[in-house]
Each structure stands twice: as structure tokens, then as C-alpha cells.
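Data first, discussion second: the structure below is written as C-alpha cells.
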Amino acid sequence: MSIVQVESTASLSSDLFYDILRRLDGATLANAACVCATFSSISREESLWENVCHSLWPSTNREDVKSLILSVGGFRKFYADCYPLIVNKDVVVQCDSYHSEYPEEWFEAEYYGDIEEFESILPSDFVSIVDVRYKDKVIYSKVLWGIPDSDGFNGWFYNCPFRIDLFNVSDNDGLHEDEVTLSVEDGLPPIFSIDRERKDGKVWRELCDGIRLSWIIVNRKEKQAANLASWSPLGGQRHWPTDKDFLMRFGSILPARDILPCQFVECILVMKFRVIHTEGEGSQTILKLAELSMLLKDMGGSHVNGRNSLLVLKEALKSRRSKNYSEVLESCHLYTKAQSELKEEKMRNESRLDRLCILSGIAAFITFCYCVL
């Protein structure tokens with residue numbers, strides 16, 4: 001065989017291998033890269049990872065987002081940073097240790113006091129890339145450059161509770177072209193009546209099993225990115241605050257060392273669907289996406305303000321990640337356990353303080369009676 005034929009065969013093989021690899025999802029592509037040197041070499045192609053990202057996160061197919069991803073390291077790095085989820089399994093250790101480092105009584109100044117920061121962090125540094133799927137169908141995508149309403153008068157954003165509302169509609173039941181809905185055509189089970197749904201919870205279970213949320217935060221200045229969502233809902237509540245709402249909660253546990261006394265905070269992503277029509281009303285069952293928001297809460301349940309939230313988000317992009325979903329759940333469970341222990345300790349401290357107040361009152365009364373006599 002001539003040199004030209006050998007080179008032609010090698011070229012053909014590479015093309016075939018490339019065609020095979022471009023059809024794989026990200027996890028399979030990463031595994032295939034370990035099979036042989038040829039696969040390893042081909043798997044470094046940015047175009048393969050660009051296809052993977054577009055398939056997983058449709059928002060990344062926008063030209064401005066493509067430019068953003070290239071500026072922070074490329075699609076291969078973006079996938080490696082954003083596909084694994086944030087985990088913080090040392091949350092209990094930190095929370096146990098901080099009781100000796102901080103006063104038992106936490107004052108507002110301790111939470112929101114001045115923090116020396118050598119480089120400024122601006123709301124405009126952060127970009128949100130959000131995609132919502134229901135049973136593998138993309139129902140909503142959004143890219144948010146910066147943080148809305150963060151340029152308020154006198155810097156109110158930095159001292160007020162941090163919150164991002166991506167999708168928040170009014171309570172009227174009318175449908176508009178720009179609204180996001182789910183129906184039986186999307187694979188949603190029919191709702192014949194709210195009372196029946198309240199009993200069997202069939203639609204609720206289908207929502208929890210079928211909905212997937214990705215909320216990626218990119219720090220343009222630091223060239224870092226991470227997914228703050230939890231893929232599947234971590235919990236939720238049916239028919240709250242009205243009997244026509246389905247509320248699901250996603251999120252992650254973020255580090256707050258040297259930012260807040262509690263050392264960790266909870267990133268809470270809320271998604272709410274509202275029932276617009278039921279089969280019993282003579283119309284097809286329709287659910288409308290009524291809310292999609294992000295907020296941060298500390299271990300005591302207080303909202304974190306804007307300034308500290310920017311610091312937390314910056315540190316979160318450096319957090320440990322894992323592709324093992326059970327580790328993500330364990331991280332959340334550890335946080336919930338530590339939160340309960342903290343609440344119980346505060347209740348015990350308040351109980352001791354109440355007893356001391358009662359004893360002090362009794363002592364003062366006895367002293368008063370002695371003086372009178």
C-alpha cells in the first residue's frame with residue numbers, strides 16, 4: 001500500500017471517528033476519550049463540545065452566548081464546569097466549629113457589616129444562562145446579562161435582599177403569546193378537577209419527575225462558570241399559596257466563608273406553575289409558568305443582601321463539583337440537618353435566657369419586699 005493510500009485511510013478513519021463522536025452526549029464523549037489515543041485527540045475538538053452544550057443548554061446556541069463561552073475558556077471547559085453540580089459536604093463540620101468563633105447572638109452588623117474586598121465585584125460581571133425542560137422538551141430559555149434593578153438610587157441593591165426574577169407574571173388567568181405553558185400535548189396528565197388532583201397528586205408527581213432546570217452563572221471578569229440548579233426538584237409544595245399553584249424548589253448549598261458567620265448559604269431557585277384550565281371546565285388542561293426566581297438565604301432563614309450575595313456567587317464558582325447526584329442530595333441534607341441543630345440550639349439559649357429573666361425578676365421582687373419591710 002502506498003503512502004498516499006495509508007494517509008487516505010487514516011484520514012477516512014478520523015472522519016468516521018469524528019462522525020461517531022459528534023453523536024454522543026457529554027458524559028459518553030468524555031468516557032470515549034479514554035478509550036484510545038485517536039479518540040482522545042478527536043475529543044479535544046471544540047466543535048464536538050459545542051454540539052454537546054447546544055444539545056444540553058439551548059441558550060448556548062445564541063451568538064452572544066457563544067462569544068461569552070469562548071471568552072471564558074471555550075465549550076469544553078464550559079461543559080466541564082457546568083455539567084457537574086456544586087456540593088459542600090463539609091457543611092456540618094463548619095457549622096459545628098463556628099459556634100466557638102462567633103457570638104451566640106447574631107446582630108445585623110455581623111451579617112451585613114463592611115467586608116474588605118480588594119477588587120470590586122459588580123452585578124454586571126454576572127450572566128445567567130437558564131434552560132427549563134419538561135420530558136426532554138425545552139419549554140423556556142433565558143439569558144440575563146447582569147442582575148436586574150441592581151443600579152438603583154444610592155446603591156439600594158447592595159443593602160436589600162438579593163433576588164432575581166426571570167419570570168414573574170400577574171395573577172390574571174389570560175394567556176399571552178410570550179407565556180410559557182404546559183398541556184396534555186406536552187405529555188402532561190389531564191386534571192379533571194383540583195379536588196381530585198389534591199387527592200391523587202398525579203400531575204404533581206409528573207411535574208417533579210419531568211421538570212429539569214439548569215441555571216448557570218458566569219462571572220465574566222473571573223472567567224468562571226457553575227450550575228447553581230439541582231437538575232431535579234429538591235422539594236416543593238402543591239397548591240400554595242392558592243389551590244391552583246404547583247411550587248417546586250431547586251438549588252444548591254454555597255460556601256460563604258469569611259462572608260457570613262454561618263459559613264454556608266442556601267441558593268433557592270423557585271419555579272411555580274399555575275393551573276389555568278382543567279378538563280372539567282370543558283377546556284384542555286393548561287399550566288402556566290408563573291414564577292422562576294433565585295434568592296439566597298443564610299442558615300437562620302434570613303435573606304442575604306445584594307452585596308454579600310455577589311461575594312457568595314463569586315466564591316460559589318470555585319466550589320467543588322460532582323456528577324454524582326446522590327452527593328448533591330447529601331450536601332443538601334447535611335445543610336438541613338445543621339440548620340435544624342442551629343434552630344434547636346437557639347431555642348435552648350432563648351429558654352435559658354427566659355429562665356434567667358424570671359429568676360432575676362423574682363430576685364428583684366424579693367429585694368424590693370425586703371427593703372419595704
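The values are calculated or read from the model by the stated rules, or taken from the named source; none is laboratory data. Model, not experiment: these values are computed from the prediction. Please note: Cβ atoms are built from the backbone with ideal geometry, for glycine as well, and neighbour counts cover all protein chains shown.
Quick notes
- Filter pass, Gly201 being of a type outside the set (D, E, K, R) and surrounded by 16 or more Cβ atoms within 10 Å (Cβ to Cβ): no
- Checking each residue in segment 192-216 for being part of a helix (DSSP H, G or I) and hydrophobic (A, V, I, L, M, F, W, C) picks out Ile194, Val203, Trp204, Leu207, Cys208.
- The set of residues in segment 287-303 being under 17 Å from Gln339 (Cα atoms), more than 14 Å from the chain's Cα centre (by Cα) and of a type outside the set (A, V, I, L, M) consists of Asp298, Gly300, Gly301, Ser302, His303.
- Among the residues making up segment 238-259, those that are assigned to a strand (DSSP E or B) and either within 24 Å of Ser326 (Cβ to Cβ) or modelled with pLDDT of 85 or more (or both) are Asp245, Phe246, Leu247, Met248, Arg249, Phe250, Gly251, Ser252, Ile253, Leu254, Pro255.
- Residue match in segment 305-313 (condition: in contact with a strand residue (DSSP E or B) (Cβ under 7 Å, 6 or more places away or on another chain) and farther than 20 Å from Arg220 by Cβ): yes
- Residues within segment 161-179 that are at pLDDT below 90 and assigned to a loop (DSSP other than H, G, I, E, B), tallied: 11
- Positions within segment 32-83 being small (Gly, Ala, Ser), part of a loop (DSSP other than H, G, I, E, B) and within 25 Å of Ser230 (Cα to Cα), in sequence order: Gly73, Gly74
- Which numbered condition Cys262 misses (of (1) under 27 Å from Glu341 (Cβ atoms); (2) modelled with pLDDT of 90 or more): (2)
Yes or no, residue by residue, for (1) at pLDDT 80 or above; (2) touching a Ser or Thr at 6+ places or on another chain (Cβ under 7 Å); (3) not hydroxyl-bearing (Ser, Thr, Tyr):
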residue	(1), (2), (3)
Glu7	no, no, yes
Glu50	yes, no, yes
Asn88	yes, yes, yes
Val93	no, no, yes
His99	no, no, yes
Tyr102	no, no, no
